[in-house]
Amino acid sequence: DGDFIHIIGRSGSGKSTFLNIVAGLLSADKGSLSLDGTNYMELPDEEKSEFRNKNIGFIPQSPALLSYLNVLENIRLPYDMYEKDGDSEGKARYFLNELGLEHLAKSYPKELSGGEQQRVGIVRAIIATPKILLMDEPFSALDAISRKQLQDLTKQLHQEFKMTTLFVTHDTDEAVKLADRIAVLKDGEIVQVDTPYEIQKNPANAFVKELFKGGEHHE
């Protein structure tokens, strides 16, 4: 609860499949997914969807903003859907101000840069303060400057709101920089879960050692 966990592995290891199962976009063949003691895989479809949407925020590689809504409207959408009594506009404007995006409130997605679109996507995912935030390589398509800015922003937001975060990445430097714990996947199996320090200093096997290049990473 409250951890920032990075899921890392080579292409095809099962990272995105795992995240999509947690998000409810794919069905698992077996096992369970429990949140606060509720195995929501066993809920009826209607209850499962409502439970998931109230408790889980998802940030994909592309923010998939709705082109016919402006930034403020895109951000307000999930809050209006699941938090009927709240001041969605006030909350949206608060987050826009926190992220320095208030000047873009009336802009449309096509008018934004890639980094700006991803910032808006992050705000949209966290506005209803979900218990779990899922991030699927959200910075992979960005330039180096935007990537670093959003890494710093993501760390800042996690420290502020303490949402349990599962972050899929293939970038070991990113994982070392951001994660409280790292889960290493190989061929659909978790081979090690530990702190960045322990992963680098005491890799579980040769695969983990090679993946992190023997602990040559730096903050």
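Values computed for the structure shown
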item	result
So Glu42, is it without any contact (Cβ under 8 Å) to a residue 40 or more places away in the chain and more than 30 Å from Ile182 (Cβ to Cβ)	no
Matching residues in segment 69-88 - criterion: being of a type in the set (D, E, K, R) and either on the phi > 0 side of the Ramachandran plot or at pLDDT 85 or above (or both)	Glu73, Arg76
Options Leu69, Leu26: the member that is over 21 Å from the mean Cα position of the chain (by Cα) and outside any helix (DSSP H, G or I)	Leu69
Criterion violated by Arg52 - all others in (1) out of contact with any helix residue (DSSP H, G or I) (no Cβ under 8 Å at 6 or more places or on another chain); (2) in contact (Cβ under 8 Å) with a residue 24 or more places away in the chain; (3) of a type in the set (Lys, Arg) satisfied	(1)
Criterion: under 21 Å from Leu142 (Cβ atoms) and among the small types (Gly, Ala, Ser) - qualifying residue of Ser49, Ser13, Ser67	Ser67
Residue pairs meeting the criteria (Cβ under 6 Å; at least 6 apart or on separate chains; first over 17 Å from Glu174 (Cα atoms), in segment 187-205; second part of a strand (DSSP E or B))	Ile190/Ala183; Val191/Val184; Gln192/Val184; Ala204/Val191; Ala204/Gln192
Sole exception among (1) assigned to a helix (DSSP H, G or I); (2) among the polar types (S, T, N, Q); (3) under 13 Å from the mean Cα position of the chain (by Cα); (4) more than 20 Å from His170 (Cβ to Cβ) for Thr129, by number	(1)
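Yes or no, residue by residue, for (1) within 29 Å of Val193 (Cα to Cα); (2) open to solvent by 70 Å² or more (accessible area, probe 1.4 Å):
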{"residue": "Pro60", "(1), (2)": "yes, no"}
{"residue": "Ser67", "(1), (2)": "no, yes"}
{"residue": "Tyr108", "(1), (2)": "no, yes"}
{"residue": "Gln118", "(1), (2)": "yes, no"}
{"residue": "Lys131", "(1), (2)": "yes, yes"}
{"residue": "Ala141", "(1), (2)": "yes, yes"}
{"residue": "Asp152", "(1), (2)": "yes, no"}
{"residue": "Gln156", "(1), (2)": "yes, yes"}
{"residue": "Thr169", "(1), (2)": "yes, no"}
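The values are calculated or read from the model by the stated rules, or taken from the named source; none is laboratory data. From a predicted model like this one, the values you see are computed outputs, not experimental measurements. Note: ideal-geometry Cβ built from the backbone for every residue, glycine included; neighbour counts use all protein chains shown. Just the protein is used for accessible areas: all its heavy atoms, side chains included, with ligands, DNA and RNA removed. Shrake-Rupley method; radii C 1.70, N 1.55, O 1.52, S 1.80 Å.
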